[in-house]
Each structure stands twice: as C-alpha cells, then as structure tokens.
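Participant: Dropping the structure in here first, questions after.
The values are calculated or read from the model by the stated rules, or taken from the named source; none is laboratory data. A quick note: this is a predicted structure, and the numbers were derived from the prediction, not measured. All Cβ positions, glycine included, derive from the backbone under ideal geometry; neighbour counts span all protein chains shown. Quick note on the areas: whole protein, heavy atoms, side chains included, nothing else; ligands and nucleic acids left out. Shrake-Rupley method; radii C 1.70, N 1.55, O 1.52, S 1.80 Å.
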Amino acid sequence: FISKKKYEIVPCSMNTSKDIGHLRKSYEKGDLSDALKKTSPIALFQDWFAEAEHHPAIEEANAMSIVTLGEDAFPKARIVLLKQFSSEGFIFYTNYTSQKGRAILAYPKVGLSFFWPALERQVIIKGVAEKVSPEQSDAYFYSRPLGSQLGAIASDQSASISSRKVLEDQLKALEVEYKDKSPKRPEHWGGFLVRPNVIEFWQGRPNRLHDRLEYSQTLSKEWEVKRLSP
C-alpha cells in the first residue's frame with residue numbers, strides 16, 4: 001500500500017514557541033525505603049531490571065543512554081543497548097572507531113542512564129569504560145544473526161556517506177561474499193565494560209518528593225549509600 005497523501009510544507013517563524021509548562025503527572029507507583037540501603041546496588045539493579053523486562057509497557061528494558069565527552073569537548077548522549085551486567089559492571093557493543101568509540105578511548109569516564117516511565121524509575125550511573133577481551137567480543141559477535149554481523153562490517157560507523165544506497169550496496173556485496181562462509185569479527189568492533197563507581201536509583205513520588213538512593217564505591221571497593229534530597 002502506497003499512500004498518495006500530499007503533505008503541505010508550512011513555513012514557520014524561528015520566533016514561534018510552545019508553552020509546555022502545564023505538562024505534568026503525579027508519580028505514585030513505588031518507593032525506595034531506607035531498608036534497601038542494605039541491598040547491594042547490583043542486586044537492586046537486577047531486581048529493577050527484571051521488573052522492567054517483564055513489564056508489558058516497556059519494549060526495550062535494556063535501552064540505556066550513554067554520555068561521552070567528544071573530541072570537540074562537548075558531551076554527547078545517545079541510546080545503546082545493554083547486553084550484559086554483573087558485579088563487574090555493564091557491557092555494550094559498538095564500533096571502536098565511531099564517534100562514541102573514539103570518545104571513550106580518549107576519555108573513558110562515561111555516564112549511563114536507564115529510564116523506565118511505566119515504572120516511574122531511573123537509574124543513573126557514573127563509571128569508567130574499558131574494552132572487553134577479544135574472546136568476549138567474539139562470543140557475542142558470533143551469537144548475533146548473520147544480518148547483524150554483516151551490518152557491523154558494512155557500516156563505517158559515524159563516517160560521512162553520500163546516500164543510503166552506499167550502505168545497501170555494501171551489504172548486498174557482503175551477502176554474496178559470505179553466502180557460503182562465516183564472517184570474521186572486525187577488529188574495530190567489540191564490547192565496552194563500564195565499571196561503575198556511582199549508581200543512583202530514582203523512584204518518582206507524589207508532590208515531586210522523589211526517592212533517591214545513591215551508592216558510591218570506596219577505594220576499598222565497598223559501597224556506601226546515602227539518600228539524596230529530590
């Protein structure tokens with residue numbers, strides 16, 4: 001089905017503004033009790049993630065924002081997908097030569113955040129990123145569908161291209177090349193492990209008196225926790 005609807009381009013003034021100050025809601029779906037201070041932040045994250053993963057209104061519980069400091073000294077946020085977490089930290093995969101990859105390799109201090117509106121929850125993480133081992137990157141790469149493997153090879157992530165066709169032609173050529181053999185993981189593609197040193201849990205509450213518990217890792221690798229004012 002091809003729509004024949006025509007869209008009219010309406011010029012707009014740069015001075016046009018829209019007041020959205022009236023948009024608000026009351027957060028009433030949960031709380032963060034002081035009893036949770038005895039829970040490790042990774043265990044609490046695991047509980048929250050499980051709830052988000054099984055919530056019918058949340059499509060990608062593992063979608064997270066990562067903020068890096070770019071080569072131009074500006075911070076940049078974008079959404080990536082968490083693929084593994086443990087007491088060591090949080091793992092995602094990317095192209096090491098992309099803007100994101102280059103920024104992390106140059107300045108490995110990063111910020112992660114998860115926002116699950118259906119649960120009225122956020123998790124905000126500060127940590128230091130490092131490459132995972134080539135063996136771990138291999139294991140994940142070869143677990144991906146063939147199309148995703150070829151996509152990682154076809155895309156010179158963050159590089160300027162003249163058109164979408166460039167990508168599509170490259171993918172078609174790779175599909176022919178690897179019709180009867182398996183592709184090899186590119187050396188410039190792999191995982192990052194973000195080792196957290198601060199993890200904050202945010203639970204929306206009525207009257208904007210939100211609950212915030214912040215866990216900070218000490219030099220002895222213990223977790224200290226404090227409640228923050230909203």
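Participant: Relative contact order of the chain: what whole-number percent is it, with Cα pairs under 8 angstrom and at least 6 residues apart?
Facilitator: Over the chain, the number comes to 23 percent.
Participant: When the chain is modelled as a GNM with alpha-carbon springs shorter than 10 Å, which of Pro117, Pro75, Pro145 fluctuates the most?
Facilitator: Among Pro117, Pro75, Pro145, the largest GNM mean-square fluctuation belongs to Pro145.
Participant: Given springs between every Cα pair under 10 Å in a Gaussian network model of the chain, which of Val123, Val166, Val67 has the largest fluctuation?
Facilitator: The residue that fluctuates most here is Val166.
Participant: If you don't mind, another one. Lys184 accessible area, nearest 10 Å², 1.4 Å probe?
Facilitator: 150 Å²
Participant: So, one more: Determine the order of Arg144, Arg195 by accessible area, beginning with the largest, at a probe radius of 1.4 Å.
Facilitator: Output order, biggest surface exposure first: Arg195, Arg144.
Participant: Still on this structure: Given only helices, namely DSSP H runs of n ≥ 4 each adding -39500 (n - 2.57), what is the per-residue ellipticity at 222 nm of the chain, to the nearest 500 deg cm²/dmol?
Facilitator: Using -39500 (n - 2.57) per qualifying helix, the result is -7000 deg cm²/dmol.
Participant: Which loop GluC sites (Glu not before Pro) in region 123-230, with loop taken from DSSP, have no more than 11 other Cβ atoms within 10 angstrom of their Cβ?
Facilitator: Loop-located and lightly packed - Glu187, Glu222.
Participant: Report the charge-dipole magnitude of region 137-181 in Debye, nearest 20, computed about the Cα centre from +1 at each Lys and Arg Cβ and -1 at each Asp and Glu Cβ.
Facilitator: With Lys and Arg at +1 and Asp and Glu at -1, about 120 debye.
Participant: Oh, and also: Each residue of region 142-157 in turn: what ³J(HN,Hα) in whole Hz from Karplus with 6.51, -1.76, 1.60 and θ = phi - 60°, glycine and Pro shown as x?
Facilitator: Taking θ as phi minus 60°, the curve returns 6, 7, 7, x, 4, x, 5, 4, 5, x, 5, 7, 5, 8, 8, 3 Hz for region 142-157.
Participant: Mind checking the full-extension length gain between Leu228 and Glu88? Use 0.36 nm per residue of separation minus the Cα-Cα distance, one decimal, nm.
Facilitator: 47.9 nm
Participant: Please sort by residue number the chymotrypsin sites (Phe, Trp or Tyr not before Pro) in region 73-112 whose DSSP state is loop and whose Cβ has at most 14 other Cβ atoms within 10 Å. The partial results should precede the final answer.
Facilitator: Numbers: sites: Phe85, Phe90, Phe92, Tyr93, Tyr96; in loops: Tyr96.
Qualifying residues, ordered by number: none.
Participant: Give me the one-decimal Kirkwood hydrodynamic radius in Å for the chain, with the sum taken over alpha-carbon pairs.
Facilitator: After inverting the mean inverse Cα-Cα distance, the result is 20.7 Å.
Participant: Then there's this: With a point put 7 Å past each Cα toward its Cβ, work out how far Ser33 is from Ser162 in nm, to one decimal.
Facilitator: Label at Ser33, label at Ser162, 6.5 nm between them.
Participant: Amide H to amide H, which residues 5 or more places from Tyr96 or on other chains are under 5 Å from it, using H placed in the peptide plane?
Facilitator: Residues meeting the amide H criterion: Trp189, Gly190.
Participant: So what's region 79-173 giving for Cα Rg divided by 2.2 N^0.38 Å, two decimals?
Facilitator: Working it through for region 79-173, the quotient is 1.27.
Participant: Using heavy-atom solvent-accessible surface (probe 1.4 Å) with all chains present, what is the largest-first order of Lys131, Lys109?
Facilitator: From most accessible down to least: Lys109, Lys131.
Participant: Next question. Can you sort His54, His210, His22 by solvent-accessible area, 1.4 Å probe, largest first?
Facilitator: The ordering from most to least exposed comes out as His54, His22, His210.
Participant: I want to verify a result. In a Gaussian network model of the chain, Cα cutoff 10 Å, which of these has the top mean-square fluctuation: Thr218, Thr16, Thr97?
Facilitator: Thr16
Participant: Still on this structure, I have one more. Distance from a point 7 Å along Cα→Cβ of Glu51 to each backbone N in region 73-99: keep the residues under 13 Å and list them by number.
Facilitator: Zone members listed by number: none at all.
Participant: Another question about this same structure. Rounded, prolate or oblate, given the Cα gyration tensor of region 150-198, with a/c below 1.5 counting as rounded?
Facilitator: oblate
Participant: Also, quick follow-up: Just the accessible area for Tyr142, please: 1.4 Å probe, Å², rounded to the nearest 10?
Facilitator: 110 Å²
Participant: Let me ask something additional. In nm, to one decimal, how far is the Ala173 label point from the Val67 one, both placed 7 Å along Cα→Cβ?
Facilitator: The modelled label-to-label distance comes out at 4.0 nm.
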